[in-house]
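Q: Below is a structure I'd like to ask you about.
The values are calculated or read from the model by the stated rules, or taken from the named source; none is laboratory data. If you're wondering where the values come from, they're calculated on a predicted model, not measured in any experiment. Positions of Cβ are generated from backbone atoms using ideal geometry, with glycine treated the same way; all protein chains shown enter the neighbour counts. Remember, those area values only see protein heavy atoms, side chains included, never the ligands or the DNA or RNA. Shrake-Rupley method; radii C 1.70, N 1.55, O 1.52, S 1.80 Å.
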Amino acid sequence: MKIQALSHDGVFSTLLSTPQGIAAEEATRRRGEYGPNEIREVHGRPMIVRLAAQFTHFLALLLWFAAALCFLSEYLHPGEGLLRLGIAILAVIFINAIFTFIQEYRTEKAIEELRKMLPFKVAVIRGGVELECDAVEIVPGDLVLLREGDKVPADGRVVETSRLTVNNSLLTGESDSRTLTDAPCDTELLESGNLVFAGTLVVSGSGKVVVYATGMATEFGKIALITGKVVEEVSPLHREITRVSRMVAIIAVVCGACFFLVGTLIGRGFWDNFLFAIGIIIATVPEGLLPTVTLALAMGSKRMAHRNALVKNLNAVAALGTVDLICTDKTGTLTQNRMTVTTFWTPDDPAMARTVARLCNTVTVTAEGTKGEPTDTALYSYGVEQGAPDGERLGEAPFDADRKRMATLYRINGKLFALVKGAGESVVPLCTSLCQSGSTAIPLESAASAELLERLHTMASQGLRVIALAFRELKDAPQGDIPEEGLTFAGFAGLLDPPRPQVPDALKSCRSAGIKVIMITGDAGPTAAAIAGNIGLITGDPVIIEGHECVSMPDDQLREELKKENLIFARMSPQNKMHVVTLLIEDGHRVAVTGDGVNDAPALKKAHVGIAMGLSGTSVAREAADIVLLDDNFASIVHAIEEGRGVFENIRNFITYIFASNVAELVPYIGYILLGIPLPLTIMQILAVDLGTDMFPALALGSEKPAPDIMQRPPRPQTEHLLTRKVMIRSFLYLGMWEAVAGLAAYFYVLHEGGWSWGQPLAATAPLYLQATTACLAGIIATQVADVFACRSPNVSLFTLGVFSNRLVLAGVASELLLAAFIIYTPLGNSLFACSPIGINVWLLLIPFAVLLLVLDETRKYLETRSTVNGEKS
């Protein structure tokens with residue numbers, strides 16, 4: 001059944017209603033049959049389940065396992081400090097889980113916002129009596145009264161109208177309002193001129209509609225259903241962190257098992273080997289990785305907020321760095337969502353054309369501003385700005401879809417005028433003369449009329465909405481209708497929703513960064529193509545695919561179309577947008593979707609990164625998105641992608657830094673089991689590194705600014721992992737081993753100076769042993785200081801970056817040294833971490849190790865850069 005194609009009698013008959021509405025008893029019965037007129041939430045995960053998920057992802061499970069091993073070891077062998085370590089690890093898990101949950105709690109309110117957009121009270125006729133009821137009580141068959149300023153409570157068919165004008169932009173994406181008719185029409189549902197849709201706004205006029213769909217059966221409800229059922233893609237960062245965690249878990253368990261076996265072979269007891277294996281596993285697990293990643297993402301989101309991009313989902317920060325395709329809406333995203341007169345053509349004197357523009361409309365001027373249909377408002381504002389005179393309105397013939405024009409009767413400066421505006425094809429044939437200076441007229445020949453139509457088509461081909469302006473001076477007031485023939489042509493007004501001025505440069509940046517941009521809009525194809533050409537989105541003939549073509553086109557063919565350049569999707573429904581985004585994701589693209597309307601919500605949620613407009617966007621779009629642009633500026637997306645790329649590089653850099661420390665913690669254990677020496681580093685000292693001295697410099701690495709050329713590089717391939725072979729070699733075999741060598745060198749130096757001989761046992765509380773383990777810890781810390789400067793970039797020299805350019809790194813190093821001083825030189829620090837003060841001679845031994853680490857790494861960077869340059873030249 002096409003409700004839009006039925007006559008009035010057919011509408012009432014089909015919906016079992018009457019021109020007096022349905023009876024109150026029947027409304028009650030239907031409410032029981034159809035349910036309340038409300039947007040119901042699709043079943044989702046309860047909040048408690050979402051919170052639990054923060055405790056059960058793989059890295060959290062790895063930390064749970066490490067904490068359990070700590071408690072087990074404390075039970076089997078008390079007094080080693082493992083109880084404190086276990087408690088510290090649990091604190092890390094809980095703090096990180098709660099922090100992340102709070103950050104992401106607000107991202108799942110799209111359905112609630114959809115519900116809030118429906119009105120609370122509605123005027124309805126039941127049994128011939130007008131009454132007011134809650135919107136939730138509306139049922140199919142109800143006869144609803146709509147007036148200016150009302151929100152439409154349900155989908156309905158217009159059966160009576162008095163210039164009823166609605167704005168469907170939140171639903172369809174079109175920028176202009178539509179004056180509705182009550183006549184039957186055989187068009188697509190969303191394009192029908194006799195239907196209203198739930199959640200849209202009545203701009204002006206009034207009318208009666210018969211409700212044919214309520215609640216989840218409305219177009220609004222269908223969008224809610226799609227949005228609620230969308231399965232969000234797992235973020236690339238989440239996958240990478242899981243992968244890194246699994247690798248660490250495998251390495252830790254394998255190392256623990258191997259050294260348990262080695263200990264057994266060399267004759268050590270079972271429990272000694274078991275406790276030692278636990279120590280190996282704990283030393284290998286980077287306890288500080290989880291909070292460091294979370295805080296680094298939070299810092300990245302804060303920087304993005306300063307650049308007008310508010311991050312709601314922390315994982316979206318890094319996900320932006322992989323984006324290679326942006327699907328963008330037009331209205332309110334690339335354009336200003338404000339109809340403006342951009343071209344005003346007249347055959348001679350523009351005075352009368354400006355007067356028609358100002359006075360031939362349905363605009364209402366109040367203390368709050370100008371209200372009315374966007375095209376009328378734009379013409380009125382233009383006429384006022386150009387100084388067109390006001391007059392006394394005596395009559396009006398409203399616009400209708402058949403005539404495609406409207407007329408007003410005005411007395412202006414004592415003269416009587418019929419003013420007419422409308423579609424050029426409707427108005428120009430009614431004109432018999434051309435306006436000249438002083439409102440005089442010359443006859444309009446057929447050739448000149450053809451020229452006017454040619455100019456009309458030229459302006460329309462530029463994507464302009466062209467309105468023809470005409471008038472007729474009358475001697476006496478008409479007795480009947482306002483005369484609309486024998487008119488004098490005054491001019492053409494070309495209107496356009498202008499593009500945002502920053503958009504062209506932003507698109508150039510996207511192109512240089514290897515990011516393709518596709519426009520997906522609910523607006524008409526020619527208008528979309530004109531805007532796309534003006535802003536540089538397309539550079540050749542556009543390939544326009546409309547929504548109805550998407551529906552009929554096989555997926556394989558649509559995939560081929562998606563590979564083409566200069567592609568524009570027009571007249572797209574929410575389902576069409578979702579389908580396109582899904583195909584792009586299936587084809588391996590990392591997709592960001594921008595939008596501001598209700599119709600964008602499902603695609604925003606489906607995309608890897610959903611980006612909503614903060615100022616012009618609906619609350620539904622903002623809640624469905626991962627990122628909200630605070631200034632509605634498409635250019636802010638480019639800044640956000642730049643930050644996203646930088647965040648991923650920074651995470652890789654501090655993972656390199658953290659894993660190097662883990663190697664330095666692991667090697668002393670290996671020496672302990674293989675060489676039979678006293679354990680060079682205690683469990684509590686490992687805690688001091690992982691959750692103490694490591695943390696502040698690692699966080700500082702997370703604040704490093706993106707490289708200057710980062711937006712000249714192509715998007716990061718999806719196959720490129722966070723922990724690559726090169727990163728592992730640099731972290732484990734180079735930086736980590738050097739830290740271990742420095743720590744063991746200081747350890748043996750103190751033992752030698754204290755008179756220790758090989759094979760001599762040392763009590764855990766012996767002063768010499770405490771000093772030696774402290775020296776090992778100091779060796780790791782000293783080389784950590786050099787390591788944090790080396791890890792600021794894997795290939796750019798520290799001196800190119802600037803030693804003092806990242807003040808947070810300097811603050812992190814200062815914090816690390818202060819914490820080291822607390823641990824080594826205060827009684828409380830000595831007691832907590834089983835340390836003892838060391839002399840200046842130990843530090844003098846360690847400083848060359850730190851300097852040499854930097855020298856070697858700078859040499860490596862120089863040789864790699866030189867090799868790359870030579871390769872490019874050849």
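Q: Filter segment 691-704 for residues that are modelled with pLDDT under 80 and open to solvent by less than 10 Å² (accessible area, probe 1.4 Å) and give the result.
A: none
Q: Filter segment 712-725 for residues that are exposed (fewer than 11 other Cβ atoms within 10 Å of the Cβ) and either in contact (Cβ under 8 Å) with a residue 24 or more places away in the chain or of a type in the set (D, E, K, R) (or both) and give the result.
A: Pro714, Arg725 - these are the residues of segment 712-725 that are exposed (fewer than 11 other Cβ atoms within 10 Å of the Cβ) and either in contact (Cβ under 8 Å) with a residue 24 or more places away in the chain or of a type in the set (D, E, K, R) (or both).
Q: Could you count how many residues in segment 827-848 are more than 12 Å from Leu777 (Cβ to Cβ) and open to solvent by less than 40 Å² (accessible area, probe 1.4 Å)?
A: Total meeting the criteria: 1.
Q: With segment 1-95 as the region, which helices (runs of 4 or more DSSP H) entirely inside it contain at least 1 residues that are at pLDDT 85 or above, hydrophobic (A, V, I, L, M, F, W, C) and farther than 30 Å from Phe833 by Cβ?
A: Counting at least 1 such residues, we get 8-14, 24-34.
Q: Sticking with this structure for a sec: Based on this model, can you work out whether Ala423 counts as modelled with pLDDT of 90 or more, closer than 30 Å to Gly207 by Cα, out of contact with any Gly (no Cβ under 7 Å at 6 or more places or on another chain) and not charged (D, E, K, R)? Outline the logic, then answer.
A: On the way: modelled with pLDDT of 90 or more: no; closer than 30 Å to Gly207 by Cα: yes; out of contact with any Gly (no Cβ under 7 Å at 6 or more places or on another chain): yes; not charged (D, E, K, R): yes.
No: the conditions fail for Ala423.
Q: Among Ala664, Ala688, which is modelled with pLDDT of 85 or more and farther than 24 Å from Asn795 by Cβ? Don't jump to the end; show me each part of the working.
A: Values: Ala664 fails: farther than 24 Å from Asn795 by Cβ.
None of the others qualify; the one that does is Ala688.
Q: Between Leu474, Leu419, Leu495, Leu452, which is closer than 20 Å to Ala353 by Cα and more than 51 Å from the chain's Cα centre (by Cα)?
A: Only one candidate passes the filter, namely Leu474.
Q: Scan segment 474-487 residue by residue and report those that are part of a strand (DSSP E or B) and out of contact with any Lys or Arg (no Cβ under 6 Å at 6 or more places or on another chain). Walk me through how you get there before you give the answer.
A: Step one: filter segment 474-487 for residues part of a strand (DSSP E or B), giving 474, 487.
Result: Leu474, single match.
Q: Just checking, which of Ala834, Ala766, Ala790, Ala811 is farther than 21 Å from Leu735 by Cβ, of a type outside the set (Lys, Arg) and under 36 Å from the mean Cα position of the chain (by Cα)?
A: Ala811
Q: Exactly one condition in (1) in contact with a Pro (Cβ under 8 Å, 6 or more places away or on another chain); (2) of a type in the set (A, V, I, L, M, F, W, C); (3) free of Cβ contacts under 8 Å to residues at least 60 places away in the same chain is false for Leu681; which is it?
A: (3)
Q: Another one. Against the conditions (1) of a type in the set (Phe, Trp, Tyr); (2) under 21 Å from Asn315 (Cβ atoms); (3) open to solvent by 10 Å² or more (accessible area, probe 1.4 Å), where does Phe648 fall short? Just the number, please.
A: Against the list (1) of a type in the set (Phe, Trp, Tyr); (2) under 21 Å from Asn315 (Cβ atoms); (3) open to solvent by 10 Å² or more (accessible area, probe 1.4 Å), Phe648 comes up short only on (3).
Q: Considering segment 715-765 alone, what residues qualify as being touching a helix residue (DSSP H, G or I) at 6+ places or on another chain (Cβ under 7 Å) and part of a loop (DSSP other than H, G, I, E, B)? Break it down into steps so the answer makes sense when it comes.
A: First, pick out the residues of segment 715-765 that are touching a helix residue (DSSP H, G or I) at 6+ places or on another chain (Cβ under 7 Å): 715-716, 718, 721-723, 727, 730-732, 735-740, 742-747, 749-751, 754, 756, 762-763.
Within segment 715-765, Pro715, Arg716, Gln718, His721, Leu722, Leu723, Gly754, Trp756, Leu762, Ala763 qualify.
Q: Being surrounded by 14 or more Cβ atoms within 10 Å (Cβ to Cβ), assigned to a helix (DSSP H, G or I) and among the aromatic types (Phe, Trp, Tyr) narrows it down to one of Phe799, Phe822, so name that one.
A: Phe822
Q: Could you list, in sequence order, all residues of segment 439-472 that are open to solvent by 30 Å² or more (accessible area, probe 1.4 Å), touching a residue at least 24 places away in the same chain (Cβ under 8 Å) and of a type outside the set (A, V, I, L, M, F, W, C)?
A: Once the filter is applied, which keeps residues that are open to solvent by 30 Å² or more (accessible area, probe 1.4 Å), touching a residue at least 24 places away in the same chain (Cβ under 8 Å) and of a type outside the set (A, V, I, L, M, F, W, C), segment 439-472 yields Ser439, Arg455, Ser461, Gln462, Arg465, Arg472.
Q: I'm checking my understanding of the structure. Among residues of segment 193-206 that are small (Gly, Ala, Ser) and over 32 Å from the mean Cα position of the chain (by Cα), which one is surrounded by the most Cβ atoms within 10 Å (Cβ to Cβ)?
A: Filtering segment 193-206 for residues that are small (Gly, Ala, Ser) and over 32 Å from the mean Cα position of the chain (by Cα), the one surrounded by the most Cβ atoms within 10 Å (Cβ to Cβ) comes out as Ser204.
Q: Is it fair to say Thr335 is in contact with a Leu (Cβ under 7 Å, 6 or more places away or on another chain) and among the β-branched types (Val, Ile, Thr)?
A: no
Q: Can you name the residue in segment 403-422 that is out of contact with any helix residue (DSSP H, G or I) (no Cβ under 9 Å at 6 or more places or on another chain) and surrounded by fewer than 19 Cβ atoms within 10 Å (Cβ to Cβ) and is also nearest to Asn361 (Cα to Cα) among such residues?
A: Of everything passing the filter in segment 403-422, Arg411 is nearest to Asn361 (Cα to Cα).
Q: Just one of Thr868, Thr774 is touching a Cys at 6+ places or on another chain (Cβ under 7 Å) and either modelled with pLDDT under 95 or open to solvent by less than 30 Å² (accessible area, probe 1.4 Å) (or both); which is it? Write out each step before concluding.
A: On the way: Thr868 fails: touching a Cys at 6+ places or on another chain (Cβ under 7 Å).
Every option except Thr774 fails the conditions.
Q: Would it be correct to say that Thr355 is in a loop (DSSP other than H, G, I, E, B) and either open to solvent by 20 Å² or more (accessible area, probe 1.4 Å) or more than 23 Å from Ala97 (Cα to Cα) (or both)? Break it down into steps so the answer makes sense when it comes.
A: Values: in a loop (DSSP other than H, G, I, E, B): no; either open to solvent by 20 Å² or more (accessible area, probe 1.4 Å) or more than 23 Å from Ala97 (Cα to Cα) (or both): yes.
No, not satisfied.
Q: Determine which member of the set Ile655, Ile637, Ile670 is open to solvent by 20 Å² or more (accessible area, probe 1.4 Å) and either in a loop (DSSP other than H, G, I, E, B) or out of contact with any Asp or Glu (no Cβ under 8 Å at 6 or more places or on another chain) (or both). Give the derivation first.
A: Details: Ile655 fails: open to solvent by 20 Å² or more (accessible area, probe 1.4 Å); Ile637 fails: open to solvent by 20 Å² or more (accessible area, probe 1.4 Å).
Only one candidate qualifies: Ile670.
Q: (1) basic (Lys, Arg); (2) touching a residue at least 40 places away in the same chain (Cβ under 8 Å); (3) under 23 Å from Val591 (Cα atoms); (4) open to solvent by 70 Å² or more (accessible area, probe 1.4 Å): which one isn't true of Lys475, the others all being true?
A: Against the list (1) basic (Lys, Arg); (2) touching a residue at least 40 places away in the same chain (Cβ under 8 Å); (3) under 23 Å from Val591 (Cα atoms); (4) open to solvent by 70 Å² or more (accessible area, probe 1.4 Å), Lys475 comes up short only on (3).
Q: Could you list, in sequence order, all residues of segment 233-271 that are in contact with a helix residue (DSSP H, G or I) (Cβ under 7 Å, 6 or more places away or on another chain), of a type outside the set (Gly, Ala, Ser) and at pLDDT below 75?
A: Of everything in segment 233-271, those that are in contact with a helix residue (DSSP H, G or I) (Cβ under 7 Å, 6 or more places away or on another chain), of a type outside the set (Gly, Ala, Ser) and at pLDDT below 75 turn out to be Glu233, Pro236, Leu237, His238, Ile241, Thr242, Trp271.
Q: Could you tell me whether segment 572-591 includes any residue that is at pLDDT 85 or above, within 11 Å of the chain's Cα centre (by Cα) and not basic (Lys, Arg)?
A: yes
Residues are listed down the side, and each one gets a yes or a no for (1) touching a residue at least 60 places away in the same chain (Cβ under 8 Å); (2) surrounded by fewer than 16 Cβ atoms within 10 Å (Cβ to Cβ); (3) of a type outside the set (S, T, N, Q); (4) under 30 Å from Glu720 (Cα atoms):
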site: Thr328; (1), (2), (3), (4): yes, no, no, yes
site: Gly369; (1), (2), (3), (4): no, yes, yes, no
site: Glu373; (1), (2), (3), (4): yes, no, yes, no
site: Gly387; (1), (2), (3), (4): no, yes, yes, no
site: Gly391; (1), (2), (3), (4): no, no, yes, no
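Q: How do the pairs read when you match residues in segment 532-552 that are without any contact (Cβ under 8 Å) to a residue 24 or more places away in the chain with residues anywhere that are among the acidic types (Asp, Glu) and open to solvent by less than 20 Å² (accessible area, probe 1.4 Å), using Cβ under 7 Å and keeping only pairs 6 or more apart or on different chains?
A: From residues that are without any contact (Cβ under 8 Å) to a residue 24 or more places away in the chain, there are no pairs.
Q: Separate question: For segment 330-346, enumerate the residues that are assigned to a loop (DSSP other than H, G, I, E, B), of a type in the set (Ser, Thr, Tyr) and surrounded by fewer than 23 Cβ atoms within 10 Å (Cβ to Cβ).
A: Within segment 330-346, Thr346 is the sole residue that qualifies.
Q: More than 21 Å from Asp481 (Cα to Cα), assigned to a helix (DSSP H, G or I) and among the aliphatic types (A, V, I, L, M): is that true of Ala388 in this structure?
A: It is false that Ala388 is more than 21 Å from Asp481 (Cα to Cα), assigned to a helix (DSSP H, G or I) and among the aliphatic types (A, V, I, L, M).
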